[in-house]
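The values are calculated or read from the model by the stated rules, or taken from the named source; none is laboratory data. Because the structure is predicted, anything quoted here is derived from the model rather than measured. Backbone-built Cβ (ideal geometry, glycine too); neighbour counts: all protein chains shown.
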Amino acid sequence: MEMKRGRCLCGAVSYEYEGPENWRGHCHCASCRRNTAAPFTTFMGVAKSAYRFTGETPAVYHSSPGVRRYFCATCGTPIAYESDRWPDETHFYAAGLETPEDFVPDFHVHWAERLPWVHLDDDLPKYEKTGS
Ligand SMILES: [Zn+2]
């Protein structure tokens, strides 16, 4: 199985996992938008048994009850997202991968929350909310 790797801007925090991901999508929710300071973010679910951190342990911010957002304590790059709603997986950001050009997203979630100046013409399914 192919090993995929990602890292923060400064390189202190890095990770690797064995694909394929559980899912791959764009999120337009206001929380992810603010956390990443980007109009939307693209991430993937990875089984907790399939990845490991290979550099420094990331810092964690509890953005709401049951939600943990990991980031590099040195450079501030968002690294991962975990929620008690999905106890068996961690979400990593596609733009943090070593080769993000190889990533293929499958859908949009929280489509109704997208910014009015974001115009995307892909044919991917556009969901109003996340499943479950
Ligand atoms: Zn860093």
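When restricted to residues that are without any contact (Cβ under 8 Å) to a residue 40 or more places away in the chain and under 30 Å from residue 2 (Cα atoms), region 21-37 contains 1. Does residue 81 satisfy being buried (at least 22 other Cβ atoms within 10 Å of the Cβ) and part of a strand (DSSP E or B)? Yes, satisfied. From the list 125, 105, 100, the one residue that fits, being exposed (fewer than 12 other Cβ atoms within 10 Å of the Cβ) and either small (Gly, Ala, Ser) or at negative phi (or both), is 125. Among the numbered criteria (1) surrounded by 18 or more Cβ atoms within 10 Å (Cβ to Cβ); (2) at pLDDT 95 or above; (3) within 22 Å of residue 127 (Cβ to Cβ); (4) away from the ligand (no atom under 14 Å from the Cβ), which one does residue 51 miss? For residue 51, the exception is condition (3).
Quickly run through region 1-13 and pick out the residues that are more than 14 Å from residue 99 (Cβ to Cβ) and out of contact with any helix residue (DSSP H, G or I) (no Cβ under 8 Å at 6 or more places or on another chain). Answer for region 1-13, where residues must be more than 14 Å from residue 99 (Cβ to Cβ) and out of contact with any helix residue (DSSP H, G or I) (no Cβ under 8 Å at 6 or more places or on another chain): 1, 9, 10, 11, 12, 13. Taken as a whole, region 46-64 holds at least one residue that is closer than 20 Å to residue 103 by Cα and within 11 Å of the chain's Cα centre (by Cα).
Those residues that are more than 12 Å from the ligand (Cβ to nearest atom) and either surrounded by 14 or more Cβ atoms within 10 Å (Cβ to Cβ) or assigned to a loop (DSSP other than H, G, I, E, B) (or both), I need them from region 58-78; list them, please. Walk me through how you get there before you give the answer.
So the first thing to find is which residues in region 58-78 are more than 12 Å from the ligand (Cβ to nearest atom), and the list is 60-69.
60, 63, 65, 66, 67, 68, 69, listed by residue number.
Counting only residues that are at negative phi, within 8 Å of the ligand (Cβ to nearest atom) and in a loop (DSSP other than H, G, I, E, B), region 1-23 holds 5 of them. All conditions but one from (1) without any contact (Cβ under 8 Å) to a residue 60 or more places away in the chain; (2) under 19 Å from residue 13 (Cβ atoms); (3) of a type in the set (D, E, K, R) apply to residue 84; the one that does not is (2).
Hey, can you tell me all the residues within region 29-40 that are surrounded by fewer than 22 Cβ atoms within 10 Å (Cβ to Cβ), more than 16 Å from the ligand (Cβ to nearest atom) and not charged (D, E, K, R)?
Pass one, region 29-40, residues surrounded by fewer than 22 Cβ atoms within 10 Å (Cβ to Cβ): 29-31, 33-40.
Retained after the next criterion (residues that are more than 16 Å from the ligand (Cβ to nearest atom)): 29-31, 33-34, 38-40.
Within region 29-40, 29, 30, 31, 38, 39, 40 meet the criteria.
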